[in-house]
Amino acid sequence: MEKLRLFITRERIAAKVSELGRRISEDFPGEPVILIGVLKGASIFLADLARQITVDATFDFISVSSYGNLMQHSGEVRLIKDVDQSLEDRNIILVEDIVDTGLTVNYLTNLLSARHPRRLKIATLLDKSCRRMVTVSIDYVGFAIPDQFVVGYGMDVAEHYRNLSDIFVLEPSFTAM
Ligand code: IMP
């Protein structure tokens with residue numbers, strides 16, 4: 001059995017998303033942006049972030065899978081679903097729920113920058129930088145968090161808890177023998 005501990009409330013998330021939306025709007029004055037959400041975890045963050053951006057913003061989605069289990073990343077990332085359009089000369093914001101080892105963002109940055117976008121920026125709601133295996137440069141970070149497994153607001157464990165409005169730490173609860 002696992003236990004959920006409230007970690008980041010919906011009010012704090014909303015305030016942070018609004019701040020990130022404002023910063024993105026200021027960085028692209030009068031220019032259209034394409035928000036590329038990494039499925040499925042970033043979907044809720046993208047939906048909220050998009051509504052805080054005041055410049056023209058369209059959506060696309062990309063999906064990858066990483067081999068390994070919850071705690072151990074194999075280092076291998078595979079593309080499951082590509083974006084639906086050309087990115088040449090477009091302003092791209094890659095939207096992630098959480099950057100952990102950095103392998104996914106590193107893979108996607110290489111993939112997307114090869115398409116010659118005008119500008120490519122990375123936004124993540126959460127940053128678990130203590131777990132990094134590769135160096136990645138992130139432009140918009142919501143919250144820096146310690147090495148804890150979190151769920152809610154799009155993030156899951158075995159597909160569960162994505163629909164929670166707040167972010168929780170997943171704590172294993174041990175029963176004494
Ligand atoms: P990375 O390639 O190790 O940076 O992994 C990024 C992906 O791992 C995220 O987009 C999430 O899908 C998943 N992930 C990493 N840490 C967590 C967590 O604490 N909760 C839920 N998903 C996580």
Q.
Looking at (1) closer than 22 Å to residue 163 by Cβ; (2) surrounded by fewer than 15 Cβ atoms within 10 Å (Cβ to Cβ), which one does residue 54 not meet, given that it meets all the others?
A. (1)
Q.
Condition first: in contact (Cβ under 8 Å) with a residue 24 or more places away in the chain and of a type in the set (Gly, Ala, Ser). Now tell me which residues in the stretch 10-49 satisfy that.
A. 14, 18, 21, 25, 30, 37, 41, 42, 43
Q: Sort out which residues of the stretch 106-137 are surrounded by fewer than 17 Cβ atoms within 10 Å (Cβ to Cβ), in a loop (DSSP other than H, G, I, E, B) and within 13 Å of the ligand (Cβ to nearest atom), and write them in order of number.
A: 132, 133, 134, 135
Q | Matching residues, the stretch 108-122, being of a type outside the set (Ser, Thr, Tyr) and touching a strand residue (DSSP E or B) at 6+ places or on another chain (Cβ under 9 Å) | A | 108, 111, 112, 115, 117, 118, 119, 120, 121, 122
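Please indicate, with yes or no, whether at least one residue in the stretch 91-101 is open to solvent by less than 60 Å² (accessible area, probe 1.4 Å) and away from the ligand (no atom under 16 Å from the Cβ).
For the stretch 91-101, residues open to solvent by less than 60 Å² (accessible area, probe 1.4 Å) and away from the ligand (no atom under 16 Å from the Cβ): present.
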Q: Take the stretch 11-22 and flag every residue that is surrounded by fewer than 14 Cβ atoms within 10 Å (Cβ to Cβ) and among the charged types (D, E, K, R).
A: 11, 19, 22
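Is it fair to say residue 165 is open to solvent by 40 Å² or more (accessible area, probe 1.4 Å), of a type in the set (Ser, Thr, Tyr), in contact (Cβ under 8 Å) with a residue 24 or more places away in the chain and away from the ligand (no atom under 11 Å from the Cβ)? So that I can check it myself, show each step before the final result.
Working: open to solvent by 40 Å² or more (accessible area, probe 1.4 Å): yes; of a type in the set (Ser, Thr, Tyr): yes; in contact (Cβ under 8 Å) with a residue 24 or more places away in the chain: yes; away from the ligand (no atom under 11 Å from the Cβ): yes.
Judged against the criteria, residue 165 is a match.
Can you find, within the stretch 14-45, the residue that is nearest to residue 79 (Cα to Cα) among those that are β-branched (Val, Ile, Thr) and part of a helix (DSSP H, G or I)?
Checked the stretch 14-45; the qualifying residue nearest to residue 79 (Cα to Cα) is 44.
Can you tell me which of 112, 125, 103 is in contact (Cβ under 8 Å) with a residue 40 or more places away in the chain, over 25 Å from residue 18 (Cα atoms) and aliphatic (A, V, I, L, M)?
Values: 125 fails: over 25 Å from residue 18 (Cα atoms); 103 fails: in contact (Cβ under 8 Å) with a residue 40 or more places away in the chain.
Among 112, 125, 103, only 112 is in contact (Cβ under 8 Å) with a residue 40 or more places away in the chain, over 25 Å from residue 18 (Cα atoms) and aliphatic (A, V, I, L, M).
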Q. Does the stretch 65-74 contain at least one residue that is free of Cβ contacts under 8 Å to residues at least 12 places away in the same chain, of a type in the set (Phe, Trp, Tyr) and closer than 23 Å to residue 131 by Cβ?
A. yes
Q | Residues located in the stretch 25-82, provided they are β-branched (Val, Ile, Thr), modelled with pLDDT of 95 or more and more than 12 Å from residue 96 (Cα to Cα) | A | 33, 34, 53, 54, 55, 58, 80
Q) Any idea which residue in the stretch 138-148 is surrounded by the fewest Cβ atoms within 10 Å (Cβ to Cβ), counting only those that are in contact with a helix residue (DSSP H, G or I) (Cβ under 6 Å, 6 or more places away or on another chain) and under 26 Å from residue 21 (Cβ atoms)? A) 140
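The values are calculated or read from the model by the stated rules, or taken from the named source; none is laboratory data. Source: prediction; values computed, not measured. Quick reminder, even Gly has a Cβ in these numbers, built from the backbone with ideal geometry, and neighbours come from all protein chains shown. We work out accessible area using only protein heavy atoms, side chains counted, and drop any ligands, DNA or RNA first. Shrake-Rupley method; radii C 1.70, N 1.55, O 1.52, S 1.80 Å.
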